[in-house]
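Okay, so here's the structure we're looking at.
The values are calculated or read from the model by the stated rules, or taken from the named source; none is laboratory data. Please read all numbers here as calculations on a predicted model, not as lab measurements. Note that each Cβ is placed from the backbone with ideal geometry, even for glycine, and that neighbours are counted across all protein chains shown. Areas reflect the complete protein model, heavy atoms only, side chains present, ligands, DNA and RNA absent. Shrake-Rupley method; radii C 1.70, N 1.55, O 1.52, S 1.80 Å.
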Amino acid sequence: FSPGSVTLTAEDESLTLDFSIIGLTKNNAAITLDQATIKAGDVTITATAKDLTLSDLVPKWVTNYIISRATDFLLSKIPIPLAVMVRGSDATIDVLGSTIDSSGHVTIHADATVDASGKAISVQTPGSSALTSFLNSFSAAYSQATASAKINVTGTELRPVVIQAAGDVNVTSQVKNT
């Protein structure tokens, strides 16, 4: 008998355009093992919550030379003096009183990414009155990005958490806030 691999994955991803003026997102990816027993070869448990823009998915040179220039061009033609971005991503893995018995490697990873970048553009119109010109010279932007990536390993005296493997055991989390 040769045990197979076990993979548990939770993903919640959203994609917005780079020139959005209003963005409200909350991505949540969660996995809970509550008094579970996993017996396998390699065991991989991954929770991924990502709030991405188009720029996150393409090479950097495409962002720098095409997307940012196109965004600036569009916003210069249609000036929008206000931008509000409130975005969040939470990735959580809870291992509660469980046993993981692996004849290979164990990987437990939580990953949260959020991008709340925004642009607000004001444009002064030639020939406008002093008051109109003054009012058109203002723009405002508010951005809030919150991300968390948590792995909670909780046991009790009667129900401890046991993770044993013939290979490596990696428990990691990663957060990227922009």
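The table that follows gives values for the structure above.
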item	result
Out of THR113, THR156, THR178, THR63, sole residue that is of a type in the set (S, T, N, Q), in contact with a helix residue (DSSP H, G or I) (Cβ under 6 Å, 6 or more places away or on another chain) and modelled with pLDDT under 95	THR63
Some residue of region 37-58 being modelled with pLDDT under 95, of a type in the set (A, V, I, L, M, F, W, C) and either at positive phi or open to solvent by 50 Å² or more (accessible area, probe 1.4 Å) (or both)	yes
Among the candidates SER68, SER122, SER128, SER98, residue that is under 26 Å from ASN27 (Cβ atoms), at pLDDT below 75 and open to solvent by less than 50 Å² (accessible area, probe 1.4 Å)	SER68
Pick from region 71-85, criterion surrounded by 17 or more Cβ atoms within 10 Å (Cβ to Cβ) and assigned to a helix (DSSP H, G or I), ranking: modelled with the lowest pLDDT	LEU75
Residue identified as assigned to a loop (DSSP other than H, G, I, E, B), at pLDDT below 95 and either of a type in the set (Gly, Ala, Ser) or surrounded by 15 or more Cβ atoms within 10 Å (Cβ to Cβ) (or both) among GLY88, GLY4, GLY23	GLY4
Subset of region 144-175 that is under 15 Å from the mean Cα position of the chain (by Cα) and either surrounded by fewer than 16 Cβ atoms within 10 Å (Cβ to Cβ) or of a type in the set (S, T, N, Q) (or both) - its residue that is nearest to GLY104 (Cα to Cα)	SER173
